[in-house]
Amino acid sequence: MIEMFLTLGSWNWLVLGFVLMALELAAPGVFLFWLGLSALLVGLVSFAIDPHWQTQFLMFALFAVAAVPAWRHFAKSASSASASSPFLNRRTEALVGREFTLEKPIIDGSGTVRIDDTIWRVAGPDAPAGSRVKVIRADGASLTVVVA
């Protein structure tokens, strides 16, 4: 077993890094990615200075521990990027409170309104085409409106 550690070289760390990153693709959770990155860093450093196997394991442990704050930093910056566009993937919620003109009249509680290049179904009190309506609720692809 000691002989295996003594022969531990740069290529072994690089292969381990790529294997861990491939496993991350198979079972995503953002945990194995950072361990794989740590192994790749140890492999690259080992090309330059050729440290003993104990030092290689110590570097791997240090890089893996340092990856935790790095992951938190990237996760925080990614969440702040999504906070700048809060309605991303929730388009209908962005329509609540806005006013639009009915394209087709609301008859028996159902009509349509054109918003940009899309025609939306609306539900609300009967109103003629051309009336201004205000969106009060969004439910899937249907909007609930009141006459403005």
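Computed quantities for the displayed model
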item: Largest-first principal axis extents of the Cα set of the chain (Å); result: 85, 24, 21
item: Rounded Å value of the spacing that divides the Cα centres of the stretch 95-148 and the stretch 6-37; result: 53 Å
item: Cα-based helix-to-principal-axis angle, 53-83 vs the chain, degrees rounded to 10; result: 10 degrees
item: Rounded tilt (10° steps) of 10-26 against the dominant C-alpha axis of the chain; result: 30 degrees
item: Viscosity 1.002 mPa s, 20 °C: Kirkwood-radius Stokes-Einstein D of the stretch 91-147 over Cα pairs, µm²/s; result: 201 µm²/s
item: Rg/Rh for the stretch 2-83, where both radii come from Cα atoms and Rh is the Kirkwood radius; result: 1.07
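Taken together, the values in this text are just the output of simple stated rules run on the coordinates, not laboratory data. Because the structure is a prediction, the values reported are computed rather than measured.
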